[in-house]
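Read-outs: derived from the displayed coordinates by stated rules, not from any lab. Bear in mind the structure is a predicted one, so any value in this text is a computation, not a measurement. Because the Cβ atoms are built from the backbone with ideal geometry, glycine has one as well, and the counts that use them run over all protein chains shown.
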Amino acid sequence: MKNILAGICVLLLFSYCGDGDKSAVQSKAVSANGLPEADSVAIADALHQFFKWYGKTGIHLINQFNFVDQSGKHPKLNEATLDKYLAEFQKSGAICPEFLDNEKSFYTACAKSWEEEESGEVISCMDYDRYYCSQDFDGSEYNFASINARIVGERAKARLLLSPGGPNGGPRSFEMKKENGKWWLAKVKCE
């Protein structure tokens, strides 16, 4: 009987020694895709937050802020109206200033193509939804789709894993930036 009690005491002693500080291990937990759990969740949250806002509010802004002047022979970019349009995107709470710079560069490049196009026609860069990257889409899938990402320092290349057989036709790519401890959408990459 003494041997059994001694054995139980030894087992209890080892089990307490093995408990240690589990918080250190938990803080380094990784998600299924190998990202640190906090970064993985934060990147997904930022993308989902952006698309929830965009699906409800942002998608309608193009009608409020017509930044393409088609009054002449060739369409022209109205930069003042574009700035107002892009300023509204800050209300999403999911973008960094780099996002605004990237969007302005995108539309400036589009405007160069418009010099060869006719007003009143469907013009380059305006023939699909810029953020859903498609003409036909199911915006609700963007609100909950899983992500994978590759993080290098304060930058990440993220993919929203939309169903390849679904209405959105598969994954979409984004660049993310970490500022002040938070992940932000920096660039939309339609492929």
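For Ala186, the residues 5 or more places off, or on other chains, whose built amide H falls under 5 Å of its own are Glu175, Met176, Lys177.
Along the stretch 116-127 the Karplus relation, 6.51 cos²θ - 1.76 cosθ + 1.60 evaluated at θ = phi - 60°, assigns HN-Hα couplings of 9, 10, 9, 4, x, 9, 6, 10, 3, 6, 10, 9 Hz to successive residues, with x for each Gly and Pro. Less than 15 Å Cβ to Cβ from Asp136, Lys/Arg counted +1 and Asp/Glu -1: what total charge do the surrounding residues give? So the environment of Asp136 carries a net charge of -2.
Note on Lys182: aspartates and glutamates with a C-alpha under 17 Å away, same-chain residues under 8 apart excluded, are Glu37, Asp39, Asp45, Glu98, Glu154.
Measuring between alpha carbons in the structure, the pairs from Lys56/Lys189; Lys56/Lys91; Lys104/Lys157 lying more than 18 angstrom apart are Lys56/Lys189; Lys104/Lys157.
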